[in-house]
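Let me begin by presenting the structure, written as structure tokens, before commenting on it.
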Amino acid sequence: MDDFYKENILDHYRHPRNAGKLEHPTHSHEEHNPLCGDVIRMDLRVNEQNIIEEVAFTGKGCAISQASASMLTEMIQGKSLEEAKQIGKEEILEALGIEIGPVRLKCALLSLKVLKAGAYGLSEEDWNTDDEEW
């Protein structure tokens with residue numbers, strides 16, 4: 001079973017879903033992981049009913065960070081912004097499906113940090129990077 005998840009991660013890394021930038025996003029945020037240099041930017045277009053109509057991401061970094069961003073964009077497409085805000089680290093780790101050590105945890109959760117900061121309209125200075133609740 002572990003091989004299935006590893007192949008899924010590599011597939012999302014090699015063929016990322018929703019890759020790119022949106023023109024005129026309603027929400028946009030970019031973060032980097034200073035420990036390894038991974039970078040992710042996520043753009044959302046949220047309609048008047050608060051539904052995420054479009055999502056796109058760009059980034060560079062390891063397979064874990066880029067695959068988790070790809071998987072997260074698939075999770076939130078078509079959901080309300082409030083539903084997207086409720087996604088937690090458990091959902092990301094479950095989607096990845098492999099055991100993630102403490103060193104790689106920040107890589108795996110970088111896209112979630114970007115989503116939450118962008119959805120709440122936080123700047124990097126406002127975001128508590130030591131908060132593991134996201």
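Take every pair of alpha-carbon atoms less than 8 Å apart whose residues are at least six positions apart; their mean separation over the length of the stretch 2-120 yields a relative contact order of 30 percent. Per residue, the convex hull spanned by the Cα atoms of the stretch 2-120 measures out at 89 cubic angstrom. If you count Lys pairs in the chain whose Cα atoms are under 16 Å apart, skipping same-chain pairs closer than 8 places in sequence, the total is 10. Each residue of the stretch 33-38 was assigned a 3J(HN,Hα) from its phi angle through the Karplus expression (A = 6.51, B = -1.76, C = 1.60, θ = phi - 60°), giving 9, x, 6, 10, x, 4 Hz with x at Gly and Pro. Applying the Karplus relation 6.51 cos²θ - 1.76 cosθ + 1.60 with θ = phi - 60° to the stretch 10-25 yields 3J(HN,Hα) values of 5, 5, 5, 5, 6, 10, x, 7, 6, 6, x, 10, 9, 7, 6, x Hz, where x marks Gly and Pro.
Amide H contacts under 5 Å for residue 46: 26, 27, 53, restricted to partners 5 or more places along the chain or on a different chain, H placed in the peptide plane at 1.01 Å from N.
Since every read-out is calculated from the coordinates, none of them should be taken as a lab result. On a predicted model such as this, the values are computed, not experimentally measured, just so you know.
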